[in-house]
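All remarks here apply to the structure that follows.
The values are calculated or read from the model by the stated rules, or taken from the named source; none is laboratory data. Note that this is a predicted model, so its numbers are computed, not measured. Every residue, glycine as well, gets a Cβ built from its backbone with ideal geometry; the counts of neighbours run over all protein chains shown.
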């Protein structure tokens, strides 16, 4: 039995919207367990979002339209990105509209507006957060593109669906270029989603925060949308890693059985990915901000080595 | 295990050897560099065993075992003892900063790929593509010797160069004759002892292992 691609697309976006807070909750749970603390419920992020959505928005007097517009833009762009990345199936109508370069650009738009909004109110923290975020972004984005190019060299396409198809059909992870690209991708994903060696998602300490500093002035439904988008971004980066490097189980045709099996594989892989993420986060300390350049520089190096080893060794 | 799979695993090991070479360039702490060197030796040893399997030449198993004992256990142990005895704790000072060194490293990889391209065309061995990596490892070891000021790191750079040469020998010609390999292994071992004695002398004379101190060797005037 065939399922219409548009229906798959809708299902996928629904999965993105509701699985992302659950995944964030799961990461927090595993992290608490690994540190011997009592974990909050798996549904705590969902409750947080619901609480924030029902609260009033407090706006600064000098807030411009950029500040009010940014949460909706960030949320919308993140959902759109979720429509492009193959989460449960490669047959997505939206995937034809944008390839992986456009995907990086989508995240860049979201970041650009968040940085503008951080500076819009005129508080010191916002500006500091924006400047830090852009410093990190200017190093992370080229590395991200290089890592993705290393994979697309192997699959001879920049379309994500095509990349998943090629890698799932026997192109093994044993290839040196893919191994290097995976390593680079993990480093970049940690930086892009603001996880521990680069930014600490659990702290509001003034001196160290990066992402939190930019969105410090948001409240109510604006904050809810931004937090939700942040969870979706983490989810999307993990899913992007899964679909580019471990795509087994993602449905490659519109078969009902494949579509039904895909979420089971996805849940399993996400569970493991969260454990890996927590191991990295508990094993490492947050690095000094001036060391981040070296961290992302090595990500760029791995990605470049991945591209080179495609030519040298394959 | 088919030849094709063995060649693929060998390529992956070559990539790991290259990775450890770069990691050594990026690392600041001496003990961590030593561990990376031991890892490189391990990858090299496994790779040699795999090439021995593909080429069905049994002396490569012996040299693989030799690599394992010498470069993974004995040499790192000797250097470890040295670092502990000389109480070296400081972070390494590099002449060129780390990101620039990395960029030079990438340029070296591209250069060695270009340099070995004609040999790839001529050779018929399954392992021929790893020759570029081997040459790059030699050059990265040399780069490490040039960019680091400290004597211990320079020695590790030298040993990493030797790793690269050994890897080049196995990947380009399925290994040198056993007699030559035994000789080289003995040389390396003796070298390590001599380095140790030198370190002690440099350390007692200058109270430091920074080779910049050597500029003061001339008589006071």
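The table that follows gives values for the structure above.
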| item | result |
| --- | --- |
| Condition met for residue A:79 (in contact with a helix residue (DSSP H, G or I) (Cβ under 9 Å, 6 or more places away or on another chain), buried (at least 19 other Cβ atoms within 10 Å of the Cβ) and touching a residue at least 40 places away in the same chain (Cβ under 8 Å)) | no |
| Options B:160, B:169, B:192, B:117; residue that is modelled with pLDDT of 80 or more and within 14 Å of chain A (Cβ to nearest Cβ) | B:117 |
| Tally of residues being touching a helix residue (DSSP H, G or I) at 6+ places or on another chain (Cβ under 8 Å) and assigned to a helix (DSSP H, G or I) across segment A:20-49 | 17 |
| Any hit, segment A:161-182, residues being within 14 Å of chain B (Cβ to nearest Cβ), crowded, with 19+ Cβ neighbours inside 10 Å and outside any helix (DSSP H, G or I) | yes |
| Residue that is touching a strand residue (DSSP E or B) at 6+ places or on another chain (Cβ under 8 Å), part of a helix (DSSP H, G or I) and more than 10 Å from chain B (Cβ to nearest Cβ), where the choices are A:262, A:303, A:274 | A:262 |
| Residue match in segment A:128-136 (condition: surrounded by fewer than 22 Cβ atoms within 10 Å (Cβ to Cβ) and either over 20 Å from the mean Cα position of the chain (by Cα) or modelled with pLDDT under 85 (or both)) | yes |
| Hey, residue B:186 without any contact (Cβ under 8 Å) to a residue 60 or more places away in the chain, touching a helix residue (DSSP H, G or I) at 6+ places or on another chain (Cβ under 6 Å) and farther than 23 Å from residue B:29 by Cα or not | no |
| Residue under evaluation residue B:11, criteria (1) within 12 Å of chain A (Cβ to nearest Cβ); (2) more than 19 Å from residue B:109 (Cα to Cα); (3) crowded, with 20+ Cβ neighbours inside 10 Å, criterion not met | (2) |
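Yes/no matrix, rows are residues, columns are (1) surrounded by 17 or more Cβ atoms within 10 Å (Cβ to Cβ); (2) in contact (Cβ under 8 Å) with a residue 24 or more places away in the chain; (3) under 21 Å from the mean Cα position of the chain (by Cα):
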position: A:255; (1), (2), (3): no, yes, no
position: A:260; (1), (2), (3): no, no, no
position: A:264; (1), (2), (3): no, no, yes
position: A:274; (1), (2), (3): yes, yes, yes
position: A:282; (1), (2), (3): no, yes, yes
position: A:296; (1), (2), (3): yes, yes, yes
position: A:300; (1), (2), (3): yes, yes, yes
position: A:308; (1), (2), (3): yes, no, no
position: A:313; (1), (2), (3): yes, yes, no
